[in-house]
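What follows is one structure encoded as structure tokens, with my remarks underneath.
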Amino acid sequence: MGTLVPSPLSRSRGAPHRSSRRPAPFSTIGLHFGVIGLFLILSVIVWGHVWLTGHPTHTITLSLGDPGGETFWFAWLPWAILHGHNPFFTNALYAGRGGVNALANVSAMFPALILSPVTLLFGPIAAFNVAGTLSPVISGYFMFLLARKFTHFAPAQILAGLLWAFSPEVVLNLPFGHLSDVLGLFLPLTGLLAYDVVIEHKRRPWVDGVLFGTLVIAQFFTSTEVLAIDAVCAPVGVAVGIALARRVLWNSRRALVTAAGAAIAVAAILLAYPVWFAVAGPRHITGPPWPFDYNAPLSGYLTWGVLVFIVVSIPVWRTRPLAWCAAFTGIWASMLSWGGTGTLIFEQGTHSSLWRPWSLFEHLPLFSNIETFRFSDVVAFCAAILMAISLDGWQKSATQKAAKRAKKRVQGPPRSLLALPVGIGIGATVAAFAALVPIAATYTLPLMEHSTPTPAWFTHEAIRLPQGTRVLTIPFTVNEVGPLLPLKLLGTEVMAYQAEDSFRFDLTGGYMVVPGTGGISVYRRPLGGTSEILTRLSDPGLSRPALSSNIAEVRTSLYRWEVQVAVIPQSARYPYAVRYLTAVYGRSPVEQRGAAVWYGTIRRSQALP
């Protein structure tokens, strides 16, 4: 396996700085392939309804909501590049109403770029499923690699990777396809690069800096929110590291400055335009995207077993500076995850009136759009490090005690002297892995799936439309938020149909964050006008607009949006909407494959002046 130098940040203070060879309980290649195989098997089981009993090109975890938007972005990036469009902006949604700024939304462009071949060959739903399945595998494997830098016990390294790959935050977000929460590459890779700069010196500092700058760019195009969260938490870990290992860091100051300079140069040059586009480009928003901020739910935190194991293990990691860095950073992230003043308490459904640390940041630019429950992702990362160090420490302690007793045994004591140390090591290993079991028990696994066929109109008629045809659908694609209305996701599956049809048509709606009055997100404003009327037509649970009311207003909006086709794909389910749009258009629809369709635009003479 080669000779590695243990990190001063991970070994006991005062320990000699010398080279050591890691013990290899079995082949290194076998270990790595075994870890990847283990994580892959677990991930396939989690997605079992897709890969084992469903079809990965048609089966999706949820029938509505975020998967529709994620599927849209998987298809949009390769389509935009191949057709010469700006990938940062799309008129395929909110067509006729200004379009959508991709960087103001979680468009996950980096994963979409990597999986473009899958999208082009098998479709965006297949890419969505591949991303959701492989993300925990990749994240867990890189966490395993990081743990190998500061531990010697292979089960401890696997434990860290397992907790990071399938943390509560990950499992909670897997069904929604939230790659920003599921694809955890940034923190483990940052740790590996920092270890090389300070300890290993396998690469020149400027090379590590360029790699880190590239990593920042990749994370920016995966989730700017997670990047900002990590930036808020990192100073605590750095401060603790400086306090406990200042001599080591001082000796590496030139390498650190060189690496930091290279990283800043790369990131600043290549992210200048994207950052401007996100915060000041067309259709950017001002302030938070949502009208609420949830604190981290209890289900998003670690189990009591994990916390108890870490606390009980303090005697074996109290002399490890890296452990204290992780402990203080995890505590800080946990405090921030509870939000600030006015945050909605997830478990109670009420707003907080207490001051919390996040109150220091919640009104600052670039931080105001962070949903604080996502800080629990950093908590999981720190816990994975502490679990690995703890289990490694117990195993090391048991091994040392066994070695001492083995020497005594030569002089005649009974074999039972070895039983206690061996039992401690085995017991700690069993307890550590058992602490993760409640995480799986908390959720419905395998993930629930949705495999309803695409409505026939989209598969047979929509593909015949001229490219760029502007379409209005009922259900109207919207994220329904209002003071009297609960949060609902209506018609979002239409975005997946649109992506599967290679953007043959544009939608006048969309489940995306776009600016309203004053640049404030539309989801922070009550619904009104035509959008509210179309939403009420889409949801049988809401009061219906009268046939005689607002007809002229809706007609004018459809004229201004330049709607060319209005369609109710499953017209039998929305008879009132059919009657209402018939009144708007002044004519009956065409019946096509179970859909009610109105072709042609509203004439100017029909619209309000």
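Working only within the stretch 128-156, note down all residues that are among the β-branched types (Val, Ile, Thr) and in a helix (DSSP H, G or I).
Result: 130, 133, 137, 138.
If I ask for residues that are touching a residue at least 60 places away in the same chain (Cβ under 8 Å) and either hydroxyl-bearing (Ser, Thr, Tyr) or farther than 17 Å from residue 249 by Cα (or both), which ones from the stretch 189-212 would you list?
195
Among the residues of the stretch 193-205, are any in contact with a Ser or Thr (Cβ under 7 Å, 6 or more places away or on another chain), closer than 30 Å to residue 269 by Cα and not assigned by TED's automatic domain parsing to the domain that holds residue 304?
no
Have a look at 596, 572, 546, 583 and point out the one that is in contact with a Ser or Thr (Cβ under 6 Å, 6 or more places away or on another chain), free of Cβ contacts under 8 Å to residues at least 60 places away in the same chain and among the hydrophobic types (A, V, I, L, M, F, W, C).
596
Name the residue that is farthest from residue 176 (Cα to Cα), counting only residues in the stretch 436-464 that are at pLDDT below 85 and small (Gly, Ala, Ser).
By that ranking, first place goes to 441.
Table: residues versus (1) in contact with a helix residue (DSSP H, G or I) (Cβ under 6 Å, 6 or more places away or on another chain); (2) over 30 Å from residue 86 (Cβ atoms); (3) part of a helix (DSSP H, G or I); (4) of a type in the set (S, T, N, Q).
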| residue | (1), (2), (3), (4) |
| --- | --- |
| 240 | yes, yes, yes, no |
| 255 | yes, yes, yes, no |
| 258 | yes, yes, yes, yes |
| 261 | no, yes, yes, no |
| 268 | no, no, yes, no |
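So, of the residues in the stretch 490-525 that are β-branched (Val, Ile, Thr) and either in the same structural domain as residue 282 (by TED's automatic domain parsing) or more than 20 Å from residue 58 (Cα to Cα) (or both), which turns out to be surrounded by the most Cβ atoms within 10 Å (Cβ to Cβ)?
508
Answer with yes or no whether residue 593 is modelled with pLDDT under 95, in the same structural domain as residue 472 (by TED's automatic domain parsing) and surrounded by fewer than 18 Cβ atoms within 10 Å (Cβ to Cβ).
yes
Just one of (1) surrounded by fewer than 18 Cβ atoms within 10 Å (Cβ to Cβ); (2) touching a helix residue (DSSP H, G or I) at 6+ places or on another chain (Cβ under 6 Å) trips up residue 562, so point out which.
Going through (1) surrounded by fewer than 18 Cβ atoms within 10 Å (Cβ to Cβ); (2) touching a helix residue (DSSP H, G or I) at 6+ places or on another chain (Cβ under 6 Å) one by one, residue 562 breaks only (2).
Return a yes/no flag: does the stretch 329-339 have any residue that is under 21 Å from the mean Cα position of the chain (by Cα) and not in a helix (DSSP H, G or I).
Taking every residue of the stretch 329-339 in turn, at least one turns out to be under 21 Å from the mean Cα position of the chain (by Cα) and not in a helix (DSSP H, G or I).
Take the stretch 284-315 and flag every residue that is crowded, with 18+ Cβ neighbours inside 10 Å, under 30 Å from residue 363 (Cα atoms) and either at pLDDT below 75 or not β-branched (Val, Ile, Thr) (or both).
Of everything in the stretch 284-315, those that are crowded, with 18+ Cβ neighbours inside 10 Å, under 30 Å from residue 363 (Cα atoms) and either at pLDDT below 75 or not β-branched (Val, Ile, Thr) (or both) turn out to be 288, 289, 293, 294, 295, 296, 300, 301, 302.
The rows are residues; the columns are (1) of a type in the set (Asp, Glu); (2) within 30 Å of residue 228 (Cα to Cα); (3) crowded, with 18+ Cβ neighbours inside 10 Å; (4) modelled with pLDDT under 80.
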| residue | (1), (2), (3), (4) |
| --- | --- |
| 334 | no, yes, yes, no |
| 355 | no, yes, no, yes |
| 378 | no, yes, yes, no |
| 382 | no, yes, yes, no |
| 408 | no, no, no, yes |
| 429 | no, no, yes, no |
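So how many residues does the stretch 182-209 have that are of a type in the set (D, E, K, R), surrounded by 20 or more Cβ atoms within 10 Å (Cβ to Cβ) and not in a helix (DSSP H, G or I)?
Selection size over the stretch 182-209: 0.
Among the residues in the stretch 179-197, are any of a type outside the set (A, V, I, L, M) and more than 25 Å from residue 373 (Cβ to Cβ)?
Within the stretch 179-197 (the criterion being of a type outside the set (A, V, I, L, M) and more than 25 Å from residue 373 (Cβ to Cβ)), the answer is yes, since at least one residue qualifies.
So the check is Cβ under 6 Å with 6+ separation or different chains; which pairs have a first residue in the stretch 300-326 that's over 12 Å from residue 391 (Cβ atoms) and a second one that's buried (at least 21 other Cβ atoms within 10 Å of the Cβ) and among the acidic types (Asp, Glu)?
Between residues of the stretch 300-326 that are over 12 Å from residue 391 (Cβ atoms) and residues that are buried (at least 21 other Cβ atoms within 10 Å of the Cβ) and among the acidic types (Asp, Glu), the close pairs are 300/169.
So, in the stretch 270-283, of the ones that are of a type outside the set (A, V, I, L, M, F, W, C) and assigned to a helix (DSSP H, G or I), which residue ends up nearest to residue 367 (Cα to Cα)?
Here the answer is 274.
For the stretch 566-573, check the following and say yes or no: at least one residue is of a type in the set (A, V, I, L, M), touching a Phe, Trp or Tyr at 6+ places or on another chain (Cβ under 7 Å) and loosely packed, with under 15 Cβ neighbours inside 10 Å.
No; the residues of the stretch 566-573 include none that is of a type in the set (A, V, I, L, M), touching a Phe, Trp or Tyr at 6+ places or on another chain (Cβ under 7 Å) and loosely packed, with under 15 Cβ neighbours inside 10 Å.
Among the residues of the stretch 212-222, is there at least one that is within 12 Å of residue 135 (Cβ to Cβ) and either at pLDDT 90 or above or among the hydrophobic types (A, V, I, L, M, F, W, C) (or both)?
Yes: the stretch 212-222 contains one or more residues that are within 12 Å of residue 135 (Cβ to Cβ) and either at pLDDT 90 or above or among the hydrophobic types (A, V, I, L, M, F, W, C) (or both).
List pairs: first residue in the stretch 219-231 and over 15 Å from residue 178 (Cα atoms), second residue among the charged types (D, E, K, R) and in a helix (DSSP H, G or I) anywhere in the structure, Cβ distance under 8 angstrom, at least six positions apart or on different chains.
Hits for this filter: 229/374; 229/377.
Across the stretch 161-181, which residue is modelled with the lowest pLDDT among those that are assigned to a loop (DSSP other than H, G, I, E, B) and crowded, with 24+ Cβ neighbours inside 10 Å?
Out of the qualifying residues, it is 177.
Considering only the stretch 113-137, how many residues are surrounded by 22 or more Cβ atoms within 10 Å (Cβ to Cβ) and closer than 14 Å to residue 503 by Cβ?
2
Being touching a strand residue (DSSP E or B) at 6+ places or on another chain (Cβ under 9 Å) and closer than 25 Å to residue 394 by Cα is the filter here; which residues of the stretch 128-168 pass it?
Of everything in the stretch 128-168, those that are touching a strand residue (DSSP E or B) at 6+ places or on another chain (Cβ under 9 Å) and closer than 25 Å to residue 394 by Cα turn out to be 148, 149, 152.
Got a sec? Which of 102, 95 is over 22 Å from the mean Cα position of the chain (by Cα), assigned by TED's automatic domain parsing to the domain that holds residue 469 and within 19 Å of residue 468 (Cβ to Cβ)?
It is 95.
The values are calculated or read from the model by the stated rules, or taken from the named source; none is laboratory data. Only a predicted model underlies this, so the values are computations on that prediction, with no experimental measurement involved. Note: ideal-geometry Cβ built from the backbone for every residue, glycine included; neighbour counts use all protein chains shown.
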